[in-house]
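Structure, as structure tokens:
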């Protein structure tokens, strides 16, 4: 006889089977979903006066979830994007609930109908070519640490790789003879080949030679202080260290919050502004959907203005509308 799964069982199977086995989600995605559901469970526990282990799926109804989303915005200061990210995780869990707990199907459907909040499209922050150059000039390449930092920053700037993809590169993923390219492992285990710019290929070749890395070895290209693979925290520290020194020479750069992901945005905008089509940029960045890539084009108003000028639209003189009959004259005068 099949027993109705409880909340704990559903959570365990959601992360163990749906996210990891079926969707092949990255550890970062799993952690993001975990945090969202943990916040929800703690919120419901506080609202109901029950311990988390005493909660059932029925305690997580539509009104409770809506209250949680409002709590995120009002009391935790989360913006619409963060609120939507939390809701996406919750909806993903309740799709799992609907498939595995028929008794909770109606409850799950009501939660799945909660809409995402509309957000105002903002231009992705990106660095100019001169700002990128300032960051690349920051490491002291007379030292082994500086050469490692330079190669890592150049890798982010030239490939647009996610930080997890960059620190995951092994020597065997590099092909430094023509055609120069690197194999990146993206979200969901998807792989893609990215061309290597000549200066990056030279920096990687020098780094591998210094580390005595063979190109057939499954050893990390970017290593941390203890000799192991560079961690996400270590990668952030490399960027912050370069930012600190670059800001001394480029004061305006000191006002910008620089992260590894900002290099990715910057390359995407440079590719777009150079005339690269969206499908190519999508493949380069490893976006699952071109709509994700499209936000760069939608946000680049400067490129839109140039398009108007090139098309000769902006220079055409406007003509004042003139109504042609008495009825339109009356409407125009209101």
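Tabulated data for the structure shown
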{"item": "Residues being closer than 26 Å to residue 26 by Cα and loosely packed, with under 13 Cβ neighbours inside 10 Å - total across segment 59-75", "result": "0"}
{"item": "Hey, residue 98 touching a strand residue (DSSP E or B) at 6+ places or on another chain (Cβ under 9 Å) and part of a helix (DSSP H, G or I) or not", "result": "no"}
{"item": "Filter pass, residue 196 being closer than 28 Å to residue 281 by Cα, surrounded by 14 or more Cβ atoms within 10 Å (Cβ to Cβ) and touching a strand residue (DSSP E or B) at 6+ places or on another chain (Cβ under 8 Å)", "result": "yes"}
{"item": "Out of 173, 149, sole residue that is assigned by TED's automatic domain parsing to the domain that holds residue 214, within 24 Å of residue 212 (Cβ to Cβ), out of contact with any strand residue (DSSP E or B) (no Cβ under 7 Å at 6 or more places or on another chain) and at pLDDT 95 or above", "result": "149"}
{"item": "Tally, over segment 1-49, of residues that are over 19 Å from residue 190 (Cα atoms), touching a helix residue (DSSP H, G or I) at 6+ places or on another chain (Cβ under 7 Å) and not in a helix (DSSP H, G or I)", "result": "2"}
{"item": "Failed item in (1) touching a residue at least 60 places away in the same chain (Cβ under 8 Å); (2) surrounded by fewer than 16 Cβ atoms within 10 Å (Cβ to Cβ); (3) over 23 Å from the mean Cα position of the chain (by Cα), with residue 207 passing the rest", "result": "(2)"}
{"item": "Residue tally, condition without any contact (Cβ under 8 Å) to a residue 40 or more places away in the chain and in contact with a helix residue (DSSP H, G or I) (Cβ under 7 Å, 6 or more places away or on another chain), over segment 68-77", "result": "4"}
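The values are calculated or read from the model by the stated rules, or taken from the named source; none is laboratory data. As the structure is a computational prediction, the values presented were derived from the model and not from experiment. Every residue, glycine as well, gets a Cβ built from its backbone with ideal geometry; the counts of neighbours run over all protein chains shown.
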